[in-house]
Amino acid sequence: MASTTTPTGSGVDPAPRPKRRTFTAEYKLRMVAEYDAAPSGEKGAVLRRERLYHSHIIEWRAARETGGLGALTDRRTSVVRPKKAAEQAELERLRKKVAKLEKDLARRDAALEVMGKANALLELLSESAD
């Protein structure tokens, strides 16, 4: 029995990553209307048929009441979402990294200062004990 391996021969190919579902604003409005119109005993059937969660309906209904179709567009997955230029994304990543490194450096400097003071105190105590 042959096993499937990666081109490097390091092991079995992983399962393909699942694709996130996307919903259009029109679909969201239609589902909220259908859910609201369904008799109380059949609301769950609507959700199961469409493979939705009650939280979807709550979120979409709130968006409809506050902002209309624009608020129903998923900014994480929408094709309308502006893409950052590669240089801009790299610059943002590097800025975050520099900020983290500066924070770590400040923490290390504070620790070294405390250790230096503790060392000086111990030397002073050992000299006075002699």
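For segment 82-117, enumerate the residues that are outside any helix (DSSP H, G or I) and either polar (S, T, N, Q) or under 19 Å from the mean Cα position of the chain (by Cα) (or both). P82, K83, K84, listed by residue number. Taking residues in segment 19-40 that are without any contact (Cβ under 8 Å) to a residue 60 or more places away in the chain and outside any loop (DSSP other than H, G, I, E, B), and partners anywhere that are surrounded by fewer than 12 Cβ atoms within 10 Å (Cβ to Cβ) and among the charged types (D, E, K, R), not one pair has Cβ atoms closer than 8 Å while being at least 6 places apart or on different chains.
Could you check segment 41-62 and list, in sequence order, the residues that are in a loop (DSSP other than H, G, I, E, B) and open to solvent by 30 Å² or more (accessible area, probe 1.4 Å)? Within segment 41-62, R51, Y53 qualify. Close Cβ contacts (under 9 Å, 6 or more residues apart or on different chains) running from residues in segment 43-55 that are farther than 11 Å from V32 by Cβ and among the acidic types (D, E) to residues that are open to solvent by 50 Å² or more (accessible area, probe 1.4 Å) and assigned to a helix (DSSP H, G or I) comprise E50/E34.
The values are calculated or read from the model by the stated rules, or taken from the named source; none is laboratory data. These figures come from a predicted structure and were not determined experimentally. Because the Cβ atoms are built from the backbone with ideal geometry, glycine has one as well, and the counts that use them run over all protein chains shown. Accessible surface areas use protein heavy atoms only, side chains included; no ligands, DNA or RNA. Shrake-Rupley method; radii C 1.70, N 1.55, O 1.52, S 1.80 Å.
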